[in-house]
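The values are calculated or read from the model by the stated rules, or taken from the named source; none is laboratory data. Since this is a predicted model, take the numbers as computed values, not measurements. Neighbour counts are summed over all protein chains in view; Cβ atoms, including those assigned to glycine, are modelled from backbone coordinates with ideal geometry. What goes into the accessible areas is simple: the full protein's heavy atoms, side chains included, and nothing from ligands, DNA or RNA. Shrake-Rupley method; radii C 1.70, N 1.55, O 1.52, S 1.80 Å.
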Amino acid sequence: MSRLDGKTALITGSVQGIGLAIAEALATAGARIGLHGLAGPDQVAAATAKLQRAGAPEVRFFDADMSDTAAIDAMMDAVVAWGGADILVNNAGIQRTVSFAQATPEIWNAVLAVNLSGAFHTMRRALPLMAEKGYGRVVNIASVHGLVASVNKAPYVASKFGLVGMSRVAALEYAAAGNKAAGGVTVNCICPGWTETAIIEPQIAQRAAAHGGDRAAGIADLLAEKQPSQRTSDPSEIGALALWLCAPIAHNVTGTAIPIDGGWTVQ
Ligand code: NAD
């Protein structure tokens with residue numbers, strides 16, 4: 001396994017779900033972890049303890065609301081004072097399933113603010129410092145919905161397509177930073193399909209209701225519609241890919257959007 005000793009990783013939305021699994025993978029490799037998200041003290045303490053057990057030499061919690069540009073700026077100031085983020089994982093995200101007829105300006109603004117603008121504001125602060133160091137990794141957690149559409153997800157799909165496009169621009173702007181030995185600066189997206197976390201619970205509940213409340217049947221229903229493997233992903237599988245992207249050997253992997261989707265996007 002590639003070591004990340006001496007590196008600092010800021011993972012947004014890492015108090016639970018996919019973000020926590022990524023933080024755990026990076027902690028296992030020895031990175032200092034910038035833990036982040038909307039959470040109470042108990043959840044923060046539990047996540048911190050988990051990351052310390054995994055091997056993080058230091059864990060610091062940040063609570064910036066990702067829809068608040070000033071709060072993100074203050075967080076990035078604090079991260080710079082802490083030595084700067086060598087690894088930035090934009091994972092915080094929200095989902096609202098609404099049709100065009102049901103969607104409101106508030107829903108559109110909320111989803112775009114967290115899923116897209118939030119990532120822009122962390123990247124614009126982190127990337128120049130990564131270039132100075134000659135090593136940097138931005139891993140943006142997009143979605144299959146950054147590559148293909150589904151009904152009733154206009155704000156989410158727009159935000160994730162935007163994230164994929166924005167990441168490609170950043171990959172180009174920083175492609176020549178650093179060198180092979182240092183690892184260079186890369187920017188990539190991971191595009192998960194159905195992954196069992198809190199964010200998909202409302203959709204599971206909706207499908208389960210059509211099967212008399214049977215949760216397993218609800219999940220099977222979701223998978224049957226889109227994910228040919230008929231298997232959900234575990235958050236740790238996203239963590240393992242994020243860790244690999246952080247290794248120096250991945251210095252020439254940039255501008256990609258890698259699906260972990262059981263074949264969803266090749267149909
Ligand atoms: P989750 O709901 O468990 O985690 C979302 C995280 O984002 C939480 O830690 C939360 O604190 C944070 N967050 C939300 N709004 C925030 C705000 N305003 N300010 C700060 N933090 C905020 O869900 P998850 O599945 O772990 O989602 C992680 C990412 O993965 C999201 O970007 C999501 O779109 C993406 N994704 C998930 C799936 C899936 O099936 N679970 C599939 C594709 C993409």
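Given the condition of a type in the set (A, V, I, L, M, F, W, C) and assigned to a helix (DSSP H, G or I), answer yes or no: does some residue in the range 175-192 qualify?
No: the range 175-192 contains no residue that is of a type in the set (A, V, I, L, M, F, W, C) and assigned to a helix (DSSP H, G or I).
Quick check, is I190 hydrophobic (A, V, I, L, M, F, W, C), surrounded by fewer than 19 Cβ atoms within 10 Å (Cβ to Cβ) and within 19 Å of A92 (Cα to Cα)?
Considered against the rule, which asks whether it is hydrophobic (A, V, I, L, M, F, W, C), surrounded by fewer than 19 Cβ atoms within 10 Å (Cβ to Cβ) and within 19 Å of A92 (Cα to Cα), I190 comes out as no.
State the number of residues belonging to the range 132-157 that are part of a helix (DSSP H, G or I), small (G, A, S) and open to solvent by 40 Å² or more (accessible area, probe 1.4 Å).
Of the residues in that region, 0 qualify.
Residue check, R60 against (1) part of a loop (DSSP other than H, G, I, E, B); (2) more than 14 Å from the ligand (Cβ to nearest atom), all met but one. Which one?
In the conditions (1) part of a loop (DSSP other than H, G, I, E, B); (2) more than 14 Å from the ligand (Cβ to nearest atom), R60 misses (1) alone.
Residues in the range 227-238 that are open to solvent by less than 50 Å² (accessible area, probe 1.4 Å) and within 11 Å of the ligand (Cβ to nearest atom): how many? First the steps, then the outcome.
At the first step, the residues of the range 227-238 found to be open to solvent by less than 50 Å² (accessible area, probe 1.4 Å) are 227, 229, 232-233, 235, 238.
Subsequent filtering for residues that are within 11 Å of the ligand (Cβ to nearest atom) retains 227, 232-233, 235, 238.
Selection size over the range 227-238: 5.
Are any residues in the range 120-154 within 14 Å of the ligand (Cβ to nearest atom), of a type in the set (G, A, S) and under 18 Å from the mean Cα position of the chain (by Cα), and if so, which ones?
A142, S143, G146
How about the range 67-119: which of its residues are within 16 Å of the ligand (Cβ to nearest atom), under 28 Å from V185 (Cβ atoms) and free of Cβ contacts under 8 Å to residues at least 12 places away in the same chain?
Scanning the range 67-119 gives D68, A70, A71, A74.
(1) more than 12 Å from the ligand (Cβ to nearest atom); (2) closer than 18 Å to A126 by Cα; (3) small (G, A, S); (4) open to solvent by less than 30 Å² (accessible area, probe 1.4 Å): which one isn't true of G6, the others all being true?
Condition (4) is where G6 drops out.
Tell me yes or no: at least one residue of the range 18-35 is open to solvent by less than 30 Å² (accessible area, probe 1.4 Å), of a type outside the set (A, V, I, L, M, F, W, C), at pLDDT 95 or above and touching a helix residue (DSSP H, G or I) at 6+ places or on another chain (Cβ under 9 Å).
yes
From the residues in the range 168-187 that are closer than 20 Å to A142 by Cα, open to solvent by 70 Å² or more (accessible area, probe 1.4 Å) and touching a residue at least 60 places away in the same chain (Cβ under 8 Å), which one is farthest from the ligand (Cβ to nearest atom)?
Restricting to residues being closer than 20 Å to A142 by Cα, open to solvent by 70 Å² or more (accessible area, probe 1.4 Å) and touching a residue at least 60 places away in the same chain (Cβ under 8 Å), the top hit is L172.
Can you tell me which residue is farthest from F61 (Cα to Cα) among those in the range 12-48 that are of a type outside the set (A, V, I, L, M) and near the ligand (Cβ under 8 Å from one of its atoms)?
G17
Between a residue in the range 228-242 that is over 21 Å from A27 (Cα atoms) and any residue that is open to solvent by 40 Å² or more (accessible area, probe 1.4 Å) and among the β-branched types (V, I, T), which pairs come within a Cβ distance under 9 Å, given they are 6 or more apart or on different chains?
P228/V266
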